[in-house]
Each structure stands twice: as C-alpha cells, then as structure tokens.
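Okay, here's the structure, questions in a sec.
The values are calculated or read from the model by the stated rules, or taken from the named source; none is laboratory data. Just so you know, these numbers come straight off a predicted model, no measurement behind them. Using ideal geometry, Cβ is built from the backbone for each residue, glycine included, and neighbour counts are taken over all protein chains shown. Accessible surface is based on the protein model in full, side chains and every heavy atom, while ligands, DNA and RNA are left aside. Shrake-Rupley method; radii C 1.70, N 1.55, O 1.52, S 1.80 Å.
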Amino acid sequence: MNFAQKLQKRRKEVGFSQEQLAFELNVSRQAVSKWESGQGYPEVEKLIQLSELLGISLDELMKETREHPSAPIKPLDEEEQEWRDEPHSPVTLPDDIHEEDSLIGRFAYSTDRDTVERYLDLNQRFARWIAVGVGMILGGIIPVIVLDNDLGVAIMMFFIAIGVGLLVKNGIDYQEIEKLEKQTFHLSGELICDLQDDYERYQRTFTRKIVAGVSLIIFGVGLMLILNSLFGEYDANAAVLFPFIAVSVGNFIDAGITSGAYRKLLNIKD
C-alpha cells in the first residue's frame, strides 16, 4: 500500500469523514481527497498532525508496503467519485511553501552532516569571540578604577576599542550563520540521534560553565569584601571583582550561544 491508500484506510478505520479530517487539519476537503487519490502530499507539519490524529507512526504511514497480488482493488467511494467529477482549477503553491516542504522533498533536501557540523563550528567560534569582546570591554574598567587618572581612561578606551572591534567583526561574520539558518534544517533520523547525544553531553558542559561563572562572581565579591575589611574601603578594591565578572559573563555567553545552536538544529522550543 502506498501513502494515499494507507491514509484513506486509516481514516475510515478511525471513523473520520473527509470533511471531519479536513476540519481537524484546517484544510479543505478537496485537499484531503487529493492526498487520498495520490495527486499530492501534505506538508511536513500536516503529516505530523495526521500521525497524531490517526494514531499511526510517520514511518508506518509513509513507508510503502506490498499487499497480496490477488487482493481486489477497492473502487472509489462516493466522496472520491464526487471529487473526480467536479471541475478543478490548477493548483498553485503559496509563495511561502517550497518543494522541500513536501513529503518527497523532506528526504530529497535532507541537510547533510557537513553542513550541520559547520553550523555548530561557526556558532562556537562566534560565541568565543563575542565572549572575548565583552570581556575586553569589562576589563577596560579596571585601569580607570586603579589609576584614577587620564592614563587609566586612555587604557580603558584602548580595551573598549578592541572589544567593540571584535563585536563588529563577529556581527559581520554572523551573516554566514544567518544564511545557514534561513535554510530549513531537514535532518535524517540517524543525524538527529547523533545530535541528541552530543547535546546531552554538552548540557553537562553547559552546567559546568554556568556554575563556574556564578562561583567566580561570588568569589570575586568575597575577595573584594576581604580587602575592604583588611585595608579599608577603597575604590581600587573593586577592581579585583571585574576580572571575575568578565570571565563569568564570557562563560555565560559561550554556553548560551552554543546551546542555542543545538536547540535550533533539534527544533527544541522553550
């Protein structure tokens, strides 16, 4: 049995009419009739809804199976015959529906492993350099606090210039990531399983980075308070806190962007 035959058979087993199924899917009855007569395929989103409504797996619904050669071919029922007898105008896809969104296109346009690995690598590099840029800007505050003169301000401007330069450069490089994101990721089952394993492993790294960042900030605050108690409250004591803040914020940015890339590939919603 092919997809059209399985869809018609399962719909009747569940007890849906074409109108009822069309209502549940928010499509026209003609669209359902077209799928069941083999004249088209639903979009991927509708396939998932069909699987849930009819209580059948996508694999079972889409995989073509052979029946006994002597099995009689069922004639069209009244609904299908009415559909065939009605005059129809040519069907055109909306501008936002593309060939790769069809059932066949789902597999013909599958995203390869090299593209996925490149997407992850670009995000990881982007995250690292953004973290460095933000760290440079935060680090630039230290000489102003310690020196408290024009030299301190000059050094701060130097650090900020480097940090902003890194942020601007990475903003330009991010266009390549955006270009990949505009292409819908269609991943094979094997690749999804591999990515899920990688994501689960990265979650441990993510947790360590977040915990390390929070711990560094707490340690920096504690160190500043110790210096205040030993030498009195001086503005210079606050300078020891900023390196810890810079490293912590870098950890947060790196962990967040890399985790977000995995979630984008696996289509994980918040």
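At 0.36 nm per residue, minus the direct Cα-Cα distance, what do Asp173 and Arg263 gain on full extension? Give it in nm, one decimal, please.
Separation in residues times 0.36 nm, less the Cα-Cα distance, equals 30.3 nm.
Can I ask one more? Sorted by accessible area with a 1.4 angstrom probe, largest first, how do Arg11, Arg113 fall?
Of Arg11, Arg113, the descending order of accessible area is Arg113, Arg11.
So what does log10 I(q)/I(0) come out to for region 119-270 at q = 0.13 Å⁻¹, using the Debye formula with one equal point on every Cα and no solvent?
Here log10 of I(q) over I(0) equals -0.72.
Can you work out the Karplus-derived ³J(HN,Hα) for every residue in region 253-261? Use 6.51 cos²θ - 1.76 cosθ + 1.60 with θ = phi - 60°, whole Hz, and x for glycine or proline.
5, 4, 5, x, 5, 5, 5, x, 5
Using only the C-alpha atoms of region 125-194, find the volume of their convex hull and express it per residue in Å³.
83
Please list the non-local residues whose amide H lies under 5 Å from the amide H of Thr111, H modeled 1.01 Å from N, same-chain partners needing a gap of 5 or more.
Close amide H contacts, sequence-distant or interchain: His186, Leu187, Ser188.
How far apart, in nm, are two points set 7 Å out from the Cα along the Cα-to-Cβ line at Asp235 and at Gln183?
Result: 5.3 nm between the two label points.
Using Cα positions and a limit of under 29 Å, work out the lysines in reach of Lys34, with same-chain residues fewer than 8 apart set aside.
The qualifying lysines are Lys6, Lys9, Lys12, Lys46, Lys63, Lys74.
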